[in-house]
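Peer 1: Encoded as structure tokens, here's the structure I'll be asking about.
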Amino acid sequence: MRRAIWFGVLGVCALVATCPLAAHAGEPVPSAPQPDQWQFSFTPYAWATGVNGDVAARGHAVDVDASFIDIVENSDSLLALMGYFEARKGAFSFFTDVVWMDLGFPGDAKNDFNRQGAGRPSKFPNIDVTVDANLSIKSKAQLDYESTIVQSGAGFEVAKWSNASSHTALDVLGGARYWNQSVNSTVNLSGTLTVDATATTTFNPRDLVKRVLRARGFKLNRRGAKLIKRAIDKRFGPGKNITVDRSVQIEIDRAVAAASSGDLEWVDPFIGGRLRHGFGDNKDLTLEADVGGFGVGSDFSWQVVATYGFDVNCFGTPLHTVIGYRALAVDYTEESAYGENVLDVVMHGPILGVNLRW
């Protein structure tokens, strides 16, 4: 299933690559709508996403550094729906971008602990106990990540430059980005738990023997008590400091810890800009960037998109193909009763789509 999807993506790329340019094929180029008319476009696209950053579900932290190929190889299912819609009239534009992904990818969990403690057990108030525990393990994590991102906003053209062969325009953007994220983390552990325990106490051996005998129903008379006292004093002395050291090592292998963040949902405002440049035979270049979050939903988020569009003719059908690269980052933290849920990741990778205009 995963290989079939991967080969399907490669097949689409190969299909686009083998389609001749519309201009070369002799196809007429449709006339552009007038600026005072509504212009609509819809672009279904594929985003070959890689993920880098830190993810935590209920306090279980995982470092992620997964390429798109890693995700394909480690996903039980690789599903995605993505599309961009824009309506433009004159200097104004309105847009909506929808991304839904269900991915799986590997990660490395950090689980090295060193804990020390000291105290007196309540049942033995005269005993001082010190415990030094060290857990050194290697962890491999598998994350199942479902993400829905809906970005809607408006743009306004603030500047435009044009000549006989090209035109360039600058838009300012503003809007909101809705996030709904769910992370399931499964961690496989292997390593060693070492516990060093030291107990120190001072006690009178005669009192200890008396307690043991009484617990078994014996009662000493005065002569018996003197005999026991002489024997114990001769063997141990009237009082003795006893120190007990114990070190224990426990091997941990293939233990599994699982955690789920549940649905994490929030809305980020964003502001940004977009540079549009058209040239040649229906070729265009777009550069877009925005920042958002500002503590309203997430702590911070940002996005950078660069695309190149050109006309092709596939089996007699003219298409406007879009290729490019997209990076989208978010830093979000939510406190829960079981620990923090954290998404501090950058999703990035090439994009490929077909732009439909009317």
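Peer 1: Report the residue count in the range 44-67 for those that are part of a strand (DSSP E or B), over 17 Å from Asp144 (Cβ atoms) and among the hydrophobic types (A, V, I, L, M, F, W, C).
Peer 2: Of the residues in that region, 2 qualify.
Peer 1: Consider Ile228 carefully, then state whether it is surrounded by 14 or more Cβ atoms within 10 Å (Cβ to Cβ), at pLDDT below 70, touching a Pro at 6+ places or on another chain (Cβ under 6 Å) and among the β-branched types (Val, Ile, Thr).
Peer 2: Details: surrounded by 14 or more Cβ atoms within 10 Å (Cβ to Cβ): yes; at pLDDT below 70: yes; touching a Pro at 6+ places or on another chain (Cβ under 6 Å): no; among the β-branched types (Val, Ile, Thr): yes.
Spelling it out, it is not the case that Ile228 is surrounded by 14 or more Cβ atoms within 10 Å (Cβ to Cβ), at pLDDT below 70, touching a Pro at 6+ places or on another chain (Cβ under 6 Å) and among the β-branched types (Val, Ile, Thr).
Peer 1: Within the range 60-78, does at least one residue satisfy the condition of being surrounded by fewer than 20 Cβ atoms within 10 Å (Cβ to Cβ) and modelled with pLDDT of 85 or more?
Peer 2: no
Peer 1: Can you find a residue in the range 308-329 that is farther than 30 Å from Asn282 by Cα, assigned to a strand (DSSP E or B) and not aliphatic (A, V, I, L, M)? Don't jump to the end; show me each part of the working.
Peer 2: Taking the range 308-329 first, the residues farther than 30 Å from Asn282 by Cα are 329.
This time we only want the ones that are assigned to a strand (DSSP E or B), so: 329.
Then keep just the ones that are not aliphatic (A, V, I, L, M); that gives none.
Looking for residues that are farther than 30 Å from Asn282 by Cα, assigned to a strand (DSSP E or B) and not aliphatic (A, V, I, L, M), one finds none in the range 308-329, hence no.
Peer 1: Scan the range 276-291 and give yes if some residue there is in contact (Cβ under 8 Å) with a residue 60 or more places away in the chain, more than 30 Å from Val183 (Cα to Cα) and basic (Lys, Arg), otherwise no.
Peer 2: Our first condition is that a residue be in contact (Cβ under 8 Å) with a residue 60 or more places away in the chain; within the range 276-291, this holds for 276-282, 288, 290.
Subset that is more than 30 Å from Val183 (Cα to Cα): 276-282.
Filter once more, keeping what is basic (Lys, Arg): 276.
Scanning the range 276-291 turns up at least one residue that is in contact (Cβ under 8 Å) with a residue 60 or more places away in the chain, more than 30 Å from Val183 (Cα to Cα) and basic (Lys, Arg).
Peer 1: Can you tell me which of Leu275, Leu319, Leu287, Leu356 is at pLDDT 95 or above, farther than 25 Å from Val72 by Cβ and more than 27 Å from the chain's Cα centre (by Cα)? Break it down stepwise before answering.
Peer 2: On the way: Leu319 fails: at pLDDT 95 or above; Leu287 fails: more than 27 Å from the chain's Cα centre (by Cα); Leu356 fails: at pLDDT 95 or above.
After applying the criteria, what remains is Leu275.
The values are calculated or read from the model by the stated rules, or taken from the named source; none is laboratory data. Since the model is a prediction, treat every value here as computed from it, not as a measurement. In this analysis, Cβ positions are derived from the backbone assuming ideal geometry, glycine residues included, and neighbour counts consider all displayed protein chains.
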